[in-house]
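Report on the following structure.
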Amino acid sequence: MRLSSLGELLAPRRPRVEGANSSSWSTPPPDPELGVPVPFACAYDDGRASLALLNKARVTQCALSRICGVCGRGLDRPVAFVGTAVEEGRNAFHFPPLHAACAASLVAVVRQHDVPLPGQAEATDPVVVTCSGFEFVRPTAADLDRRPVFTPY
Ligand SMILES: [Zn+2]
């Protein structure tokens, strides 16, 4: 095997996902209503950005490229998930994995403004779960809820 192809094999996987571009995420746009920086997973390449949005393409990108749903940078350990008590009870989260510090800042914003977590319909007190890894579970045709979920372990 040539050294160059070995390098390609060892390089981090960065799958191309439509509508998901983390390269310019150094300056997150502000939420139009709250004025706070919008998490990476809550914005679209066309400029839409709001804490009330959850961009499915970026959720998938975070899962496959193992990048943080708030800052868009590579994840390390521990991995943190922010969700509702129901999500914690099911061990199935909808918001992508985060750095622990990014999880804390997202929780602080949601609590301060009393808004739902991105992708949730109702404002509930968020919970943070930390773990060493996760599985990304895509829905099947039989699932009523067609959103992918993250299962921490
Ligand atoms: Zn982060």
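Read-outs throughout are calculated quantities, based only on the coordinates presented, and are distinct from any laboratory measurement. Bear in mind that the values here come from a model prediction, so they are computed numbers and not experimental data. Ideal geometry is used to build each Cβ from the backbone, glycine not excepted, and the neighbour counts take in all protein chains shown.
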Which order do the peptides 93-105, 66-78, 130-142 take when ranked by the mean count of other beta-carbon atoms within 10 Å per residue, highest first?
93-105, 66-78, 130-142
Which FRET efficiency value, to the nearest 0.05, is calculated for E135 and V86 with the Förster distance at 22 angstrom and r the Cβ-Cβ distance?
0.75
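Please work out the FRET efficiency for the pair R147 and A108, using the Cβ-Cβ distance as r and a Förster radius of 30 Å; give the result to the nearest 0.05.
For R0 = 30 Å, the calculated efficiency reads 0.75.
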Above 18 Å lies some portion of the pair distances; for the range 32-81, what is it as a whole percent of all C-alpha pairs?
28 percent
Size descriptor, Kirkwood hydrodynamic radius, that averages inverse alpha-carbon separations across the range 42-153, Å:
14.0 Å
